[in-house]
Amino acid sequence: MPAEALEVAPPLTDAQVARFHQDGFVSVTAITTPEEVDLLRGIFTRLFSSKAGREQGAQFDMVGYDEDDEAPAASPQILHPVRYAPELRETRFRVNALAIARRILGPTAEPGFEHAILKPALYGAPTPWHQDEASREDPQKDYEQVSIWMPLQPVSVENGCMHFVPGSHREGVLPHRSLNDDPRIHAIECAVPIDPARVVPCPLPAGGATIHHGRTLHYAGPNESGGPRAAYVLAFRTPPRPGAGRTTGYPWMQEKCTARLARQRAARRAVSSLASRALRKVRRLFGV
Ligand code: NI
């Protein structure tokens, strides 16, 4: 094993863990090396510009109707980018993020979800105020989640750094709605007004990270700078407690009818019809 693979992130100090539990978020100035940040920036530039995953509904515009493959997206996102760039599995960011997640959630925490978000130069749109848990697809599964959000260039209020409401993770899941109250748009927004006096912006160097709880209210501003703003996010979860969650899904998620979901369903249908055609062929060939 190469020596550098043995290195783990500076684990959070007791004071940082305590601050996470009190505020629902904490930030670190470095979670990986500058060399790896450069490498990741190259990978994500390629994934976004080649529209990787678009046909499968994994790449889409978070804040628009997302129907036109060629239209510039105001906030493109890729779900599970590791499926389109397997080299993302081998990063120090991943090792260090898991160590931090386990420091907060305990040793049973496992990777649960990942995504990348780009805000193009000058017109990248804001990510509305929300709690990640409000977009949970299966609310019957009850688990705790932390997300580790790493910018691939320095972030400030000008280019869309994260903002948080301290203590909001203790207030339960608030009512949300689709952005602009339009279920054709992927993004959701908190339906309760946010008190600007409680908001804390989190500027960071490239390769730093914010770490937030699944119920912490957060927002990322528009990108008004001349360069792109990209962030790579890894989320980790405790094992779900069976039967402890809600009995029904959130209404703002159940109403979704996005172009992304239509592409995802079409791609899954195509895969399953391909599989049944292959099965029929095998049966014919072998007479079973
Ligand atoms: Ni979020």
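Some notes on this structure:
- Oblate is the label for the stretch 87-168, because the ratio a/c of its alpha-carbon gyration tensor axes (a ≥ b ≥ c) is 1.5 or higher and a/b is not greater than b/c.
- Cβ crowding within 10 Å, taken as a proxy for footprinting-reagent exposure, orders VAL233, VAL192 from fewest neighbours to most as VAL192, VAL233.
- Simple spin-label estimate for ARG46 and ASP138 in nanometres, 7 Å along Cα-Cβ: 3.3
- The local environment of LEU217, defined by Cβ-Cβ distances under 14 Å, has a net charge of -3 under the rule Lys, Arg +1 and Asp, Glu -1.
- For the chain: lysine pairs under 30 Å (alpha-carbon distance), excluding those fewer than 8 apart on one chain: 4
- Spatial separation of Cα centroids for the stretch 131-188 and the stretch 247-279, in angstrom: 23
- Put in order of Cβ neighbour count within 10 Å, fewest first, the listed residues GLU36, GLU255, GLU144 become GLU255, GLU36, GLU144.
- Range of Cα positions in the chain per principal axis (Å), largest first: 67, 51, 46
- Sum of side-chain charges, GLU189 neighbourhood, beta-carbon under 12 Å (Lys, Arg +1; Asp, Glu -1): -1
- Based on C-alpha pairs under 8 angstrom that are at least 6 apart in sequence, the chain has a relative contact order of 29 percent.
- Which of ASP132, ASP38 has the fewest Cβ neighbours within 10 Å, and the rest in rising order: ASP38, ASP132
- Among residues other than LEU105 with Cβ under 10 Å from its Cβ, the summed charge is +1 (Lys and Arg +1, Asp and Glu -1).
- Using only alpha-carbon positions in the stretch 180-288, the gyration tensor eigenvalues give semi-axes of 40, 21, 18 Å once each is multiplied by 5 and square-rooted (largest first).
- Temperature 20 °C, viscosity 1.002 mPa s: under these conditions the Stokes-Einstein estimate for the stretch 144-224, based on its Kirkwood radius over C-alpha pairs, is 156 µm² per second.
- The stretch 1-121: equivalent-ellipsoid semi-axes (sqrt of 5 x gyration tensor eigenvalues, Cα, Å): 30, 18, 13
- Ranked packing of 15-23, 47-55, 71-79, most packed first, by mean Cβ within 10 Å: 71-79, 47-55, 15-23
- Chain lengthening between GLU171 and LEU39 when straightened (0.36 nm per residue, less Cα-Cα): 43.7 nm
- The residue among LEU204, LEU234, ALA278 whose Cα reaches farthest toward the positive pole of the charge dipole of the stretch 184-278, with charges on the beta-carbon of Lys, Arg, Asp and Glu, is ALA278.
We did not get these values from a lab; they are worked out from the coordinates using the rules stated. Just so you know, these numbers come straight off a predicted model, no measurement behind them. Glycine gets a Cβ as well: all are built from the backbone with ideal geometry, and neighbour counts include every protein chain shown.
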